[in-house]
Each structure stands twice: as C-alpha cells, then as structure tokens.
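Chemist: This is the structure, below, for whatever I ask next.
Nothing in this text is a laboratory measurement; each read-out follows from the coordinates by a stated rule. Because the structure is predicted, anything quoted here is derived from the model rather than measured. Virtual Cβ from ideal backbone geometry, glycine too; neighbours counted across all protein chains shown.
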Number of protein chains: 2
Amino acid sequence: MIEPFNDEYFMKKAFSEALLAFEEGEVPVGAVVVSNQKIIARAHNLTETLNDVTAHAEMQAITAAANMLDGKYLNDCILYVTLEPCVMCAGALGWSQIGKIVYGASDDKRGFKKFASNALHPKTEIVSGVLSTECAELMQEFFRQKR
Amino acid sequence: MIEPFNDEYFMKKAFSEALLAFEEGEVPVGAVVVSNQKIIARAHNLTETLNDVTAHAEMQAITAAANMLDGKYLNDCILYVTLEPCVMCAGALGWSQIGKIVYGASDDKRGFKKFASNALHPKTEIVSGVLSTECAELMQEFFRQKR
C-alpha cells in the first residue's frame, strides 16, 4: 500500500523549515508537529534573530502545537525535527509527554542522547536517521560558510 | 562588612515570585536574574496559565534577561531560582553560558543533577540550599492543597 504521509514526507516539511533558517543565517534546524496526519505546528531555529537561546525549532513547535490543541500535553503528536534534540529541547519534550519523535541527523556534540538520555517520557517512541544525509549536509554547509 | 545584596537577599526576591505563582495555582517556582547587583528579570512558573510546558520561571527569566541586555549570552549574570532547575531549564542555562546559578530547594525527582549533570556550561558556578527550607515548604504546601 502506498503511504503518502510517511515519516519521510513529514521530515521533508521539517527540512523546508530548516532551509528557511539557513536563509536567515540561523543554524539550520527545522521542525513540524503532526497530529492525525496533519501538520499543526511549523518552526525553525530563531536564536540569532530573537537573541534568545531558548528559541530552538523544537521549543517553538511545542508551544505552537500546545496553543493549537489548547492543551499542554502532546501525547498524540509526532515531532519531526532535522537534528537530534539538545538537552533543553529533550527536557521540554519530556514535559510535553509527546508520543513520538522522529529526527534526521544525529548530534554527537550537543544531542540529548549523550547528556540526558532519560530526559524523555518513558512512553515516547524515538525514530532516528530519516533523511539524515540531507539534514547533516545542510548543517555542514552552514558551518562551512561561517568559517 | 554588611552586604545587603547577598544571595539570601536575591533569593527572597525569587521567593516573592514563587508566591505569585502559588497564588495563581501554578507550581510555585520563582526566579530573578541579577547583573551588577541589579535585578534585570523576574519570572514565575506559568505552565498552567499559558498551557505551555516550556513556561518555567527560568526559561522566561533567561528570555527576559537576554532582551534586557540585547544579547543572548548571560556570562555576567546570576540566576536565583527557588527550585533546582529541571533538565530543560539546565539545558537552556547551558546555552546561555550564565555565570552563576543559585537555587533554593533540591528536586530529587526532576532536577537536572540526576538526569543531566553535564548540561551546564563548564564555567557556570552553582550554589544550592539558599533559603531551601522556605522554598521546599512552599512546594510541599502547594501539593498538599492539590490533593
């Protein structure tokens, strides 16, 4: 059976957000939150634009999704994000009790798996490596241009 | 020498913020950010009011302080918070490179020390236990009333 709305489909939407961040001179990370196969929140990293270290794509996506649902728990939602969440974002995702997290590239330096492996809710499902090459290459290109 | 602006002085200000949270039916955690012995940001937990798990006192205080300073790094600042920061807040404080964190009560269940002990910037100084009894009793009273 053809499944048009699979993990790759939604990761491409998150990747589009990452491209927006790239164009704005932001570390290119993008995210979408999906509920019942519909995107209910889109966000990209805005730490430079807002002068705010808390303005990661995931944080904004969590806040926007909760606003959309009028409730702070995201148990029935999936977060798609181009990069492995950091400790801050994993902590926030833990509080949100989000149902599933799908991320693209791993982040060995700042990712939560190394620094806070138990930050998520025990019921949260994790999938990694979706479009990881594209997501990682975008990050590499960003830092190459910054040098 | 008398030092009127010591850690206890500023923790009392954070405690006042926690009392506001208590009155609003929020888990009573308060925070202030101090720069050059002046309070540049005050905040209290607003997760229920805003329906947003990211609205912890520390997160709001970091954002407000960065706005005030027009820069996202808080190296010369001190955060006073009534409760040990959680994983999310410790991650955010790590990104902010804040100079010093002073907290009141420990949080054995959700505090960062247990779940993400390396989340902070290596140069961040930590002081714990300032007005810890008052801070802990306020939390206990809140959860006693909720039962």
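Chemist: Can you give me the three principal axis dimensions of the protein assembly as shown from its C-alpha atoms, in Å, biggest first?
Modeler: Projected onto the principal axes, the Cα atoms of the protein assembly as shown cover 72, 50, 28 Å.
Chemist: Taking the C-alpha atoms of the stretch B:7-139, how large are the radius of gyration and the largest Cα-Cα span, Dmax, in Å?
Modeler: Rg, Dmax (Cα atoms, Å): 13.1, 36.
Chemist: Okay, moving on. Any idea which of A:T54, A:T82, A:N36 is furthest toward the positive side of the dipole for the protein assembly as shown, if Lys and Arg beta-carbons carry +1 and Asp and Glu beta-carbons -1?
Modeler: After comparing all options, I get A:T82.
Chemist: Quick check on the stretch A:42-147: of the DSSP beta bridges with both residues there, what percent are antiparallel, nearest 5%?
Modeler: Given both bridge residues lie in the stretch A:42-147, the antiparallel proportion sits at roughly 10 percent.
Chemist: Still on this structure: Any idea what the B:R144 label distances to the other copies are, label 7 Å down the Cα→Cβ vector, nm, shortest first?
Modeler: When each copy's label point is compared with this one, the spacings are 6.3 nm.
Chemist: Could you identify which residue out of B:V53, B:V34, B:V130 has the top mean-square fluctuation in a GNM of chain B using Cα springs shorter than 10 Å?
Modeler: Among B:V53, B:V34, B:V130, the largest GNM mean-square fluctuation belongs to B:V53.
Chemist: Could I ask something else about it? Mind checking the angle between helix A:57-69 and chain A's longest principal axis? C-alpha axes, 0 to 90 degrees, to the nearest 10.
Modeler: Approximately 30 degrees, to the nearest ten.
Chemist: Still on this structure, please answer the following. About the Cα centre of chain A, what is the dipole size in debye to 20, counting +1 per Lys and Arg Cβ and -1 per Asp and Glu Cβ, all else neutral?
Modeler: Taking the Cα centre of chain A as origin, the dipole is about 320 debye.
Chemist: If you don't mind, another one. Which aspartates and glutamates have a Cα less than 16 Å from the Cα of B:K123, not counting those fewer than 8 places away in the same chain?
Modeler: Within reach: B:D76.
Chemist: Ok, one more. Under a Cβ-only charge scheme (Lys and Arg +1, Asp and Glu -1), can you give me the dipole magnitude of the protein assembly as shown about the Cα centre, in debye to the nearest 20?
Modeler: Result for the protein assembly as shown is approximately 420 debye, rounded to the nearest 20.
Chemist: How many nanometers, to one decimal and shortest first, lie between the label point of A:N67 and those of its other copies, if labels sit 7 Å from Cα toward Cβ?
Modeler: Result, one decimal in nm: 1.4.
Chemist: If you take the charge dipole of the protein assembly as shown about its Cα centre, with +1 on Lys and Arg Cβ and -1 on Asp and Glu Cβ, which of A:S96, B:T133, B:T63 is farthest toward its positive end?
Modeler: Result: B:T133, furthest along the dipole toward the positive end.
Chemist: From the label point of A:K123, set 7 Å from Cα along Cα→Cβ, how far away are the matching label points in the other copies, in nm, ordered shortest to longest?
Modeler: Reported distances to equivalent positions: 4.3 nm.
Chemist: Exactly which chymotrypsin sites (Phe, Trp or Tyr not before Pro) in the stretch A:49-147 are in a DSSP loop and have at most 12 other Cβ atoms within 10 Å?
Modeler: The qualifying sites: there are none.
Chemist: Could I ask something else about it? With respect to the cross-link table entries B:K38/B:K72; B:K12/B:K113; A:K72/B:K146; B:K113/B:K146; A:K13/A:K72; B:K72/B:K109, which display a Cα-Cα separation exceeding 25 Å? Show your work: numbers first, answer last.
Modeler: Details: B:K38/B:K72 18 Å; B:K12/B:K113 23 Å; A:K72/B:K146 19 Å; B:K113/B:K146 27 Å; A:K13/A:K72 23 Å; B:K72/B:K109 29 Å.
Result: B:K113/B:K146; B:K72/B:K109 exceed 25 Å.
Chemist: Which residue in B is nearest the B/A rotation axis when you measure from the C-beta atom, and what is the distance in Å?
Modeler: Minimum Cβ distance to the axis, with residue: B:A116, 2.
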